[in-house]
Amino acid sequence: MQGMQASHVQTQFSLFKRILSSLIGLILVLDGAYLISLKKIHFGTVLPVLIGMMLLCYAIFYTWIQSYLKQHTRLDWLWKFGWGVFWLWCISLLIFFTYIHFSTQQQNTVTNNAKVVIVLGSGIENGQPSPTLAKRLDTAAAYALAHPQSYFIVSGGPAFAEQLTEAQVMSNYLQQRYAIAASHIILETQSTSTALNLKNSQPLLHTLGTDKTQPIIIVTSDFHTPRAAAIAKRQGYTQFSMLSATTPLYTRYNAWLREYFAYISGWLLNEY
């Protein structure tokens, strides 16, 4: 009797795992595929598709996998070890997401009237700022309306399959939407990362009669603020204030996932 009950519980648990894997896998695949269709092709969109496909295959071939593993005990151990590593990674990702979530709840702390506002790039789509980048530019423009004497450094280099550099697109957006004079916008057109955004902006600060030790505003997305601030400190920016823009909901968690790996690569590259 007890054996039958145990077998029934095991069957129900197996069914639960298959259903849960199918649901999570389908959500991840559809989410990533939708964003990739919008030309948002990066680790934060591709990885969910790969994980989703893995979970769907696990659910579909669950019975065959379990039968095969029973016949190969060494592979069964390796299989369990792999799942253990995967769950540890998921826990680390959850901790990181919690950290980012509470970081984005903090209010902007702009306390100085900076002469220069550095706007960090975040991708362009069909010659226009991506929704995430548009939010950054809108936030920077709002500061400019209250401080019309300020200058902008818009930072972003060549973009894949685009004719204009990211910086040029950013400049066009500020001029056309907010009527900000071109003479108040300096273009940094070579960078392809946050570290380069801030590094390549330093010579441009000198052309504006200031430097990285003077009051500066750095504008970026809310989730990106902690890492960007750490990189700025490492590069010797001493009186900067971070001004954060909200991130569109439909791409928010994919951006957080991408930021997770950016933190790791930045640590490995000694960027902060």
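The values are calculated or read from the model by the stated rules, or taken from the named source; none is laboratory data. What you see is a predicted model; the values in this text were computed from it and never measured. Every residue, glycine among them, receives a Cβ derived from its backbone with ideal geometry; neighbour counts consider all protein chains shown.
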Quiz item: Of these, G123, G127, which one is more than 24 Å from Q214 (Cβ to Cβ), surrounded by 14 or more Cβ atoms within 10 Å (Cβ to Cβ), touching a helix residue (DSSP H, G or I) at 6+ places or on another chain (Cβ under 9 Å) and in the same structural domain as Y253 (by TED's automatic domain parsing)?
Solution: G123
Quiz item: Among L69, L93, L47, L56, which is surrounded by 16 or more Cβ atoms within 10 Å (Cβ to Cβ), within 16 Å of N254 (Cβ to Cβ) and either of a type in the set (A, V, I, L, M, F, W, C) or modelled with pLDDT of 90 or more (or both)?
Solution: L47
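Here's the yes/no breakdown for (1) out of contact with any Phe, Trp or Tyr (no Cβ under 7 Å at 6 or more places or on another chain); (2) buried (at least 16 other Cβ atoms within 10 Å of the Cβ); (3) of a type in the set (S, T, Y):
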site	(1), (2), (3)
S191	yes, yes, yes
L205	yes, yes, no
P215	yes, yes, no
Q239	yes, no, no
L243	no, yes, no
A255	no, yes, no
F261	no, no, no
Exercise. Answer yes or no: is there a residue in region 229-250 that is of a type in the set (S, T, N, Q), in the same structural domain as Q202 (by TED's automatic domain parsing) and part of a helix (DSSP H, G or I).
Key: no
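This table checks each residue for (1) charged (D, E, K, R); (2) surrounded by fewer than 11 Cβ atoms within 10 Å (Cβ to Cβ).
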{"site": "F43", "(1), (2)": "no, no"}
{"site": "I51", "(1), (2)": "no, no"}
{"site": "F61", "(1), (2)": "no, no"}
{"site": "D76", "(1), (2)": "yes, no"}
{"site": "G84", "(1), (2)": "no, yes"}
{"site": "T98", "(1), (2)": "no, yes"}
Exercise. Please work out if I36 is out of contact with any strand residue (DSSP E or B) (no Cβ under 8 Å at 6 or more places or on another chain), under 19 Å from F160 (Cβ atoms) and not in a helix (DSSP H, G or I).
Key: no
Practice problem: Filter region 212-228 for residues that are part of a helix (DSSP H, G or I) and of a type in the set (K, R) and give the result. | Solution: R227
Quiz prompt | region 173-189, residues that are surrounded by fewer than 20 Cβ atoms within 10 Å (Cβ to Cβ), out of contact with any Ser or Thr (no Cβ under 9 Å at 6 or more places or on another chain) and part of a helix (DSSP H, G or I) | solution = Q175, Q176, R177, Y178, S183
Quiz prompt | Boolean, I153 is closer than 20 Å to A195 by Cα and at pLDDT below 95 | solution = no
